[in-house]
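Notes for the one structure printed next.
Any read-out appearing in this document is the output of simple, stated calculations on the displayed coordinates, not a laboratory observation. Keep in mind it's a predicted model, so treat the numbers as computed, not measured. Ideal geometry is used to build each Cβ from the backbone, glycine not excepted, and the neighbour counts take in all protein chains shown.
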Amino acid sequence: MKDILPQLEDWQARGDQIALATVIQTWGSSPRAPGAKMAINQKGDMVGSVSGGCVEGAVVEEARRVLKTGRPKLLRYGVADETAWEVGLACGGSIEVFVERLDW
């Protein structure tokens, strides 16, 4: 969290709405461990990472929905072993990411 904190503080000072995405569980090949975080503002700007680029775009879209509705969401993403090589992974895997609005 400390690596994304300066950007969060800047966004907060501007009055941006912020969603926080956190990896809560992984199975198989996963570039980020549980606890990895990514913050997204209402404009779709992001800082941090939950997957090393594999699902960030999808998480940004879901985070913007969370900001609009105020309802947190649990997301699940996976890659089958057969297609893992195509996205640069040694084997398949999956991650769960929890997205919530950050209310300061």
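At a glance:
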quantity	calculated
Charge tally in the Cβ shell below 13 Å around Ser30, where Lys, Arg are +1 and Asp, Glu are -1, Ser30 excluded	+1
For Ala21, net neighbour charge (Lys/Arg +1, Asp/Glu -1) across residues whose Cβ lies under 10 Å away	-1
Residue (of Gly53, Met38, Leu67) at the positive-pole extreme of segment 5-102, dipole from beta-carbon charges	Leu67
Which labelled figure in (1) 9.8; (2) 6.9; (3) 6.2 is mean projected area of the Cα convex hull in nm², once derived from the coordinates	(3)
Total formal charge among the other residues, if their Cβ is under 14 angstrom from that of Glu96, Lys/Arg +1 and Asp/Glu -1	+2
